[in-house]
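See structure below.
The values are calculated or read from the model by the stated rules, or taken from the named source; none is laboratory data. Predicted model only: the values in this text are computed from it and were never measured. Cβ sites come from the backbone with ideal geometry, for glycine too, and all protein chains shown count toward neighbours.
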Amino acid sequence: MPLNITVLPASTQAGRETIRALLANKDPPNIQAIYRDTSKAPSDFTSHDNFKAVKGDVSADTGLDFSDSDAVFYIPPPTYDGTDSTEHGTNMANNIKAALQKSSKVKRLLILSAMGAQHDKGIGMLSINHVTDKILEGSVAEVVMVKPGFFMESWASSLETVEAEEPYYESFITPEDHKLVMVSLDDVGKVCAEQLLNTGNSLPSNPHSFNLLGPQGYSAVDIQAVLEEVTGKKPKIKLIQPEKLSEFFGQHVPEQYATEMAEMTAACLPGGLIAPEMEKEDGSVRGSTELVDVLRKAAAGEKRERSGAL
Ligand SMILES: NC(=O)c1ccc[n+]([C@@H]2O[C@H](COP(=O)([O-])OP(=O)(O)OC[C@H]3O[C@@H](n4cnc5c(N)ncnc54)[C@H](OP(=O)(O)O)[C@@H]3O)[C@@H](O)[C@H]2O)c1
């Protein structure tokens, strides 16, 4: 009998890639994917017999039915609606816990966490992961927490600025030769799928938590070289110094979250609270995808979109 696995929110980056990896397995499990808006489920998922999109919202506590699930993958989503991040994370984790308590079938809970999530302060937005891990540890027989590095795909937006008349890209990784731990979403999906398919097999500890890294770290200078390799253009690096991080993130998210993002980023840079544990090899899992492959794929996707092929 195939396993029944619930993924929520299924529209998260990690949720989407894990579903992709599960469906590509030779014996795919049955997947219940919870979306706030089920029309966002990709057609290559909805066309698969083992995939079912279900409407649900983890913060509003709707549609969280795990009664037929052997395993649940929960990715705590961030919010930008003005709610305090710790409060938002606590509310969602309590909703997940209550839904798990209503189901006696769930054996394994996989949580997407983050390096540094064990700290109760000084980690900015990762407070969502801190409260999630605390509230959900011990909630079912097998709890696994995967702590990935920075998602490599985040640099895909730099492909646009490299197209500017004077090519440039913005990097918050300082100093410019400091290598930050990163991992591709493809590797995140594969490792999370493997953890879910291992439901019922014993864990080295409970909860079992491990860092997920890519094959190597990348500095601002390394990213510049990769962008040049992919596009043929050498961008100037606009380095965002630590004291300018809040202002930088403030261009993309409301001020309250920009401050949290700045604190989280500074904690990952040399001298920061999380930095020492980021390179920890002990018990870590390494993916194999390099940044150049991720950005080549993103660039090819952009080209196809521009030519109207998508
Ligand atoms: N990004 C990284 O580099 C990274 C690295 C390590 C760990 N993490 C962890 O990964 C987790 C996800 O972070 P992310 O920034 O990468 O987010 P993300 O995967 O981009 O997820 C955001 C999506 O979640 C969905 N969502 C939000 N609130 C929801 C709700 N109440 N109910 C249902 N769906 C909801 C939204 O999709 P719709 O609008 O389509 O509903 C939204 O697009 C966080 O816990 C983060 O700490 C991230």
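Data table
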quantity: Among residues of segment 32-58, those that are closer than 17 Å to residue 99 by Cβ and of a type in the set (A, V, I, L, M), counted; calculated: 4
quantity: Scan of segment 241-279 for residues that are crowded, with 19+ Cβ neighbours inside 10 Å and either modelled with pLDDT under 95 or touching a strand residue (DSSP E or B) at 6+ places or on another chain (Cβ under 6 Å) (or both), ordered by number; calculated: 278
quantity: Any hit, segment 104-112, residues being within 22 Å of residue 200 (Cβ to Cβ), modelled with pLDDT of 95 or more, crowded, with 23+ Cβ neighbours inside 10 Å and within 11 Å of the ligand (Cβ to nearest atom); calculated: yes
quantity: Single match in 53, 98 (criterion: buried (at least 17 other Cβ atoms within 10 Å of the Cβ) and of a type outside the set (S, T, N, Q)); calculated: 53
quantity: Close pairs from segment 281-310: first over 26 Å from residue 194 (Cβ atoms) and modelled with pLDDT of 95 or more, partner outside any loop (DSSP other than H, G, I, E, B) and among the basic types (Lys, Arg), Cβ under 6 Å, at least 6 apart; calculated: none
quantity: Residue within segment 125-138 that is in a loop (DSSP other than H, G, I, E, B), more than 9 Å from the ligand (Cβ to nearest atom) and buried (at least 16 other Cβ atoms within 10 Å of the Cβ) present; calculated: no
quantity: Subset of segment 9-30 [within 16 Å of the ligand (Cβ to nearest atom) and among the aliphatic types (A, V, I, L, M)]; calculated: 10, 14, 19, 21
quantity: Single condition residue 73 does not satisfy, out of (1) within 19 Å of residue 135 (Cβ to Cβ); (2) in contact with a helix residue (DSSP H, G or I) (Cβ under 8 Å, 6 or more places away or on another chain); (3) part of a loop (DSSP other than H, G, I, E, B); calculated: (3)
quantity: Residues within segment 140-151 that are within 30 Å of residue 103 (Cβ to Cβ) and either at pLDDT below 95 or assigned to a loop (DSSP other than H, G, I, E, B) (or both), tallied; calculated: 2
quantity: Residue satisfying all of: in segment 34-59; closer than 16 Å to residue 11 by Cα and assigned to a loop (DSSP other than H, G, I, E, B); farthest from the ligand (Cβ to nearest atom) among these; calculated: 42
quantity: Selection status of residue 154, within 16 Å of the ligand (Cβ to nearest atom), modelled with pLDDT of 95 or more and farther than 29 Å from residue 93 by Cα; calculated: no
quantity: Qualifying residue in segment 191-210 (condition: in a strand (DSSP E or B) and either hydroxyl-bearing (Ser, Thr, Tyr) or away from the ligand (no atom under 14 Å from the Cβ) (or both)); calculated: yes
quantity: Of the criteria (1) farther than 19 Å from residue 167 by Cα; (2) buried (at least 18 other Cβ atoms within 10 Å of the Cβ); (3) at pLDDT 95 or above, which one residue 226 fails; calculated: (1)
quantity: Sole exception among (1) outside any helix (DSSP H, G or I); (2) touching a residue at least 40 places away in the same chain (Cβ under 8 Å) for residue 165, by number; calculated: (2)
quantity: Condition broken by residue 203, with the remaining ones in (1) more than 30 Å from residue 141 (Cα to Cα); (2) surrounded by fewer than 17 Cβ atoms within 10 Å (Cβ to Cβ); (3) touching a residue at least 40 places away in the same chain (Cβ under 8 Å) satisfied; calculated: (1)
